[in-house]
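Let me begin by presenting the structure, written as structure tokens, before commenting on it.
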Amino acid sequence: MPLTITNLSKTYANGTRALQNVNLTIPTGMFGLLGPNGAGKSSLMRTIATLQDADTGSIMLDELNVLEDKDAVRRVLGYLPQEFGVYPRVSAEELLDHLAVLKGIANNKERKEIVEALLQQTNLWNARKKNLGGYSGGMKQRFGIAQALLGNPRLIIVDEPTAGLDPAERNRFHNLLSEIGENIIVILSTHIVSDVTDLCRHMAIISQGQVRLTGDPLSVMEQLRGQVWRKLVSKDEVAAVQAQHHVISSRLFAGQTIVHVLSDTKPEAGFEEVKPDLEDVYFAQISERR
Ligand code: ADP
């Protein structure tokens, strides 16, 4: 039961072309939508989540027409938006119960069981009586997943969920996502490459409103094999290397700079070939369009 997006476009009133003819097929499992800030990820996520309309194109979840049958989609959708606000003076248990009522789970006993199971699953059971205002960033995000899971969704959308989490919280959050991503579609929108490397079997890179690449992380890395070269240069040499070569990334290392260059052949003496990782794939895609 894939999610199929066809020729989707959206231009905002101010003329920003946020989505340009987007085509994607998203299968069951964790799907990573990777792109820099401003790429159009949230616009696409909000459109799939039925929160805004596209100008043209279609989105189908199996036989469900997402852009038309909005109520039906909302019943099978869980959404963790980029800015997930919580009521600070309410406990996790109370808010989850309240949200479960809104989701239509009317039976008290059933609701109590569901709320308890979700608090256990997201590892918030011991903190269930605590006000959400006192939750850490990671706990808030796990609460966000708990509310997104209400009503057994077939599709879950999480928009930039790990920004601002410390490494331990991020790890815990990754484990939670990978558990729930086994039987349903989970779309993870992120600008953090390692979120996708760690979690996703399928992915797309989007920039300037356009899909640049789709595939599975292992094969897209393999496709770049033989084209990524590395050199350690001094800071003063960086500009010259950039002028001569297609530099896809540069980062500091022990006071010097490691540059990665895209080239079909060895660029010059001193460069060595590197096995491409997903960051190379990502920067190769977005650096061409800067
Ligand atoms: P991302 O989630 O990848 O950072 P967004 O979908 O938020 O990207 O934004 C894509 C582009 O659309 C950006 O240039 C952004 O400034 C613009 N944009 C987003 N929302 C609106 C809006 N409501 N009105 C006008 N422009 C918008």
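Rounded to the nearest 20, the size of the Cβ-charge dipole of the chain about its Cα centre is 620 debye, with Lys and Arg at +1 and Asp and Glu at -1. For the stretch 229-234, the Karplus equation 6.51 cos²θ - 1.76 cosθ + 1.60, evaluated at θ = phi - 60°, returns couplings of 10, 10, 8, 9, 10, 7 Hz by residue, with Gly and Pro reported as x. Sites listed here are trypsin sites (Lys or Arg not before Pro) in the stretch 108-178 whose DSSP assignment is loop and whose Cβ has at most 10 other Cβ atoms within 10 Å: LYS129. Across the alpha-carbon atoms of the chain, the computed radius of gyration and Dmax are 21.4, 72 angstrom.
Coupling constants for the stretch 213-223 follow from the phi torsions by the Karplus curve (6.51 cos²θ - 1.76 cosθ + 1.60, θ = phi - 60°), and in residue order they are 6, 9, x, 9, x, 5, 6, 5, 5, 4, 5 Hz; glycine and proline get x. Counted by neighbouring Cβ atoms within 10 Å, the residues MET1, MET45 run from fewest to most as MET1, MET45. Of the trypsin sites (Lys or Arg not before Pro) in the stretch 1-102, the ones in a loop by DSSP (not H, G, I, E or B) with at most 15 other beta carbons within 10 Å are ARG89. Under a model in which nothing but the beta-carbon of Lys, Arg (+1) and Asp, Glu (-1) is charged, the stretch 58-216 shows a dipole of about 500 debye around its Cα centre. Look at SER43, SER250, SER263 and count the other Cβ atoms within 10 Å of each Cβ; fewest to most, that gives SER263, SER250, SER43. Net charge in the neighbourhood of PRO153 (other residues with Cβ under 12 Å of its Cβ; Lys, Arg +1, Asp, Glu -1) is +4.
Mind jotting down the distance between the C-alpha centroids of the stretch 154-170 and the stretch 229-278, whole Å? The distance from the Cα centre of the stretch 229-278 to that of the stretch 154-170 comes to 31 Å. Computed on the chain, with alpha-carbon pairs under 8 angstrom and 6+ residues apart, the relative contact order is 21 percent.
In the chain, the DSSP-assigned H stretches of four residues or longer account for a calculated mean residue ellipticity at 222 nm of -9500 deg cm²/dmol, using -39500 (n - 2.57) per stretch and the full residue count as denominator.
Only Cα pairs under 8 Å and 6+ residues apart enter the sum, and on that basis the relative contact order of the stretch 1-160 stands at 24 percent. Roughly how tilted is helix 137-148, in degrees to the nearest 10 and between 0 and 90, from the longest Cα axis of the chain? For helix 137-148, the angle is close to 60 degrees.
Coordinate-derived values only; no laboratory data. What you see is a predicted model, and the numbers here were worked out from it, not measured in a lab. Cβ coordinates were reconstructed from backbone atoms using ideal geometry, including for glycine residues, and neighbour counts include every protein chain displayed.
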